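> Structure below; questions to follow.
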Amino acid sequence: MYELDQSVTWKKLKQLAEDTRDDRIADYFAQDPERFQKMSVRLGGLFLDYSKNKLSDKVLTTLEQLAEHSPLRQRRAQMFSGDIINVTEKRPVLHIALRNRGPELVVVNGRDVMPDIHASLQKLEAFSNKVRDGEWLGYSGKPIRHIINIGIGGSDLGPNMVCRALHAYKHPNLSFHFVSNVDGQHIKKVLSGLDPETSLFIVSTKTFSTQETLLNANSAKRWFMASTGGTEADIGQHFVAVSTNKDAAMEFGIKQENIFEFWAWVGGRYSLWSSIGLPIALSIGYTLFIELLEGAYEMDRHFMEAPLRQNMPVLMALIGIWNTNFLGAETQAIIPYDQALHQLPSFLQQLDMESNGKSVDSEGKPVNYATGPIIWGQTGSNGQHAFFQLLHQGTRFVPIDFIASLPDDKETEEHQFALLTNMLAQANAFMNGDVIEGKLDYASCPGNRPSNVILLDQLNPRNLGALIALYEHKVFVQGAIWNINSFDQWGVQLGKRLATEISRNIERKSSDYDASTQGLLEIVRQRLTVNATKAEVVTQKTKTSKKQSTD
Ligand code: F6P
């Protein structure tokens, strides 16, 4: 029976946290001049330096034992062989199959799914080439210029982040927009700038039942019909869907041949490698989309084959567990010193927090140790002028992942050099601090604050694919060691159900809710009444004016 916090290794780590409480990270470097070389790993175009963590050799060795004694190896083998490891939804977890570039079969319910994956990639290739080459024409015979992805969560964050990160590779004639929030201002702002004749809407939703996406998709459809005087037939050239729910997509009015399917065994937050990545293929082209997948595949092989002590996802996961479960960190900061990665923290929020924000283990028992941290972040150097004050002199312990790519553009070299030296300076300052004569006063920084540094040779599709897969597998390793199911998300169902219920009840007073909800609903109702009255007045006026005009 796997009782993580009852294990000898766990107790050893608790003791080590005590024993090393007063250690200074800086002293570890003095004790071992080889520390940087020993505590850094390269894989292709990615370099991880984890030497600025509060990790003695003994702690690292004991963390490795924690991984060895956990279900990690077994769970990893199960994932790659298509076993049902998402036990509450009774599904395998196979985002790794989407980018499988090798000869391995991937069997689901007794059937190799690789042919289906290859077929979906061929469809993605054909369609993205047609649109990018101007062969896909709108109803009035014009090529597409604007692409609008309508989706939320994993049907938005992944493609959105990758398209922004790889903006340098974007097709020059195409503009991309991502509508996710149900707030009408979001879609209203995007639609206001569009030409319907050259717009292509991608309705991205795994379930085709998400309230925000359906509301936005219907508003887009109404806008298209109104602004083109078009018919249901015309939407065929301007609306495609990415979903596992083909029937619902066709009911919405999407032509069967314009539905890009994927499968229930792909989690939403792990789905950018599937047809959910259609905006990416449209933006950077199919060939580079495959390079994104190849980068992830290389990280998959590394995760499967590298010894734990040299295994990037395992190392990042163990460092995170050390910081969270033994040093008391409640959050993990993600600070990309790369403006193109400004959406990476938001993407990693869903990836990590929707995966490991759990408090019941795989056997259904409440856990009595901390699990997923709060992921947050912002680009550097901006963060230095917003929240680094707290990180340097505050009372909280916040581990940081710094991420950057090396300069590759002569034109901006001076800027990139400043950006990188700022990042290195910050990582150094967090570790060393500057306690003057041992006295902590208003001006001094205590230091001893850990960080990882991940350097990409270049922010290109291959390295970005590897970086994303690195974090996917880090989340996987932590979930395996915490013995939780990282692949369901029952916690979001309650909010969805209540939102539907309350929106249905908005018109009537309902004692089903607490006094606060009822009171707030009353205020909303009053505004709706005011708006409805205003609308009536406007309609009356229009009628009157019409009467006047026809009289
Ligand atoms: O947040 C809950 C969730 O189900 C996510 O897991 C998912 O990525 C998102 O909503 C959107 O779901 P769908 O792609 O089915 O619209």
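Values quoted throughout were computed directly from the atomic coordinates according to the rules given, and no laboratory measurement underlies them. Just so you know, these numbers come straight off a predicted model, no measurement behind them. Neighbour counts run over all protein chains shown; Cβ positions are idealised from the backbone, glycine included.
> Tell me the angle of helix 114-132 to the major Cα principal axis of the chain, expressed in degrees between 0 and 90 and rounded to the nearest ten.
60
> For 64, 411, 18, what's the fewest-to-most ordering of other Cβ within 10 Å of each Cβ?
By the 10 Å Cβ count, ascending: 411, 18, 64.
> Go through 58/358; 246/534; 170/221 and tell me which ones have a Cα-Cα distance over 32 Å in this structure.
246/534
> How big is the chain along each principal axis, measuring the range of its Cα positions in Å and listing the largest first?
Cα extents, longest axis first: 94, 58, 56 Å.
> Can I ask one more? Order these by the 10 Å Cβ neighbour count, fewest first: 95, 146.
Fewest-to-most ranking of 95, 146: 146, 95.
> If the label point is 7 Å along Cα→Cβ of residue 393, which residues in segment 416-438 have backbone nitrogen under 15 Å from it?
430, 433-436
> For a footprinting-style exposure proxy, rank 70, 486, 204, 274 by other Cβ within 10 Å, fewest first.
70, 274, 486, 204
> Give the cross-link partners of residue 410 among the aspartates and glutamates, using a straight C-alpha distance below 17 Å as the criterion and excluding same-chain residues fewer than 8 apart.
338, 457
> Compute the angle between helix 8-19 and the longest alpha-carbon principal axis of the chain, please, reported from 0 to 90 degrees and rounded to the nearest 10.
70
> Using the beta-carbon distance between residue 502 and residue 183 and R0 = 22 Å, what value does 1/(1 + (r/R0)^6) give for FRET efficiency, to the nearest 0.05?
Efficiency computed from Cβ-Cβ geometry: 0.85.
> Something else: Working from Cα positions, state the angle (0 to 90°, nearest 10) between the long axis of helix 413-432 and the longest principal axis of the chain.
50
> Another question, then. What FRET efficiency comes out for residue 435 versus residue 57 if R0 is 30 angstrom and r is the Cβ-Cβ distance? Round to the nearest 0.05.
With a Förster radius of 30 Å, E is 0.75.
> Additional query: Summing -39500 (n - 2.57) over the DSSP H runs of n ≥ 4 in the chain and dividing by its residue number, what mean residue ellipticity at 222 nm do you reach, to the nearest 500 deg cm²/dmol?
Counting only the DSSP helices, I get -15000 deg cm²/dmol.
> Hey, another quick one. Report, to one decimal in Å, the Kirkwood hydrodynamic radius for segment 107-286 based on all distinct Cα pairs.
16.2 Å is the Kirkwood radius here.
> So if we plug the beta-carbon distance of residue 14 and residue 73 into 1/(1 + (r/R0)^6) with R0 = 22 Å, what FRET efficiency do we get, rounded to 0.05?
So the FRET efficiency works out to roughly 0.40.
> I need to check one value: relative contact order of the chain, counting alpha carbon pairs closer than 8 Å and at least 6 residues apart, in percent. Write down the numbers at each step before the final one.
Values: 845 pairs, mean separation 98.6, N = 551.
Reported as a whole number, the value is 18 percent.
> What does the extension gain come out to for residue 414 and residue 304, with contour length at 0.36 nm per residue minus their alpha carbon separation?
Extending this stretch completely gives an extra 35.6 nm.
> Moving on. Relative contact order for segment 107-286: what percent, with Cα pairs under 8 Å and sequence separation of 6 or more? Show your work: numbers first, answer last.
Numbers: 294 pairs, mean separation 55.0, N = 180.
About 31 percent, as a whole number.
> Something else now. Compute the signed sum of charges (Lys and Arg +1, Asp and Glu -1) over the other residues within less than 9 Å, Cβ to Cβ, of residue 479.
+2
> A follow-up question, please. Taking the Cα-to-Cβ direction at residue 135 and at residue 425 and moving 7 Å from each Cα, how far apart do the two end points lie in nm?
About 5.3 nm, to one decimal.
> Rounded to whole Å, give me the distance from the Cα center of segment 420-440 to that of segment 38-87.
29
> Between the alpha-carbon centers of segment 187-208 and segment 487-508, tell me the distance in whole angstrom.
Distance between centres, Cα-based: 25 Å.
> Then there is this: Segment 312-347 to segment 241-265: how many Å between their Cα centroids?
With segment 312-347 and segment 241-265 each reduced to a Cα centre, they are spaced 35 Å.
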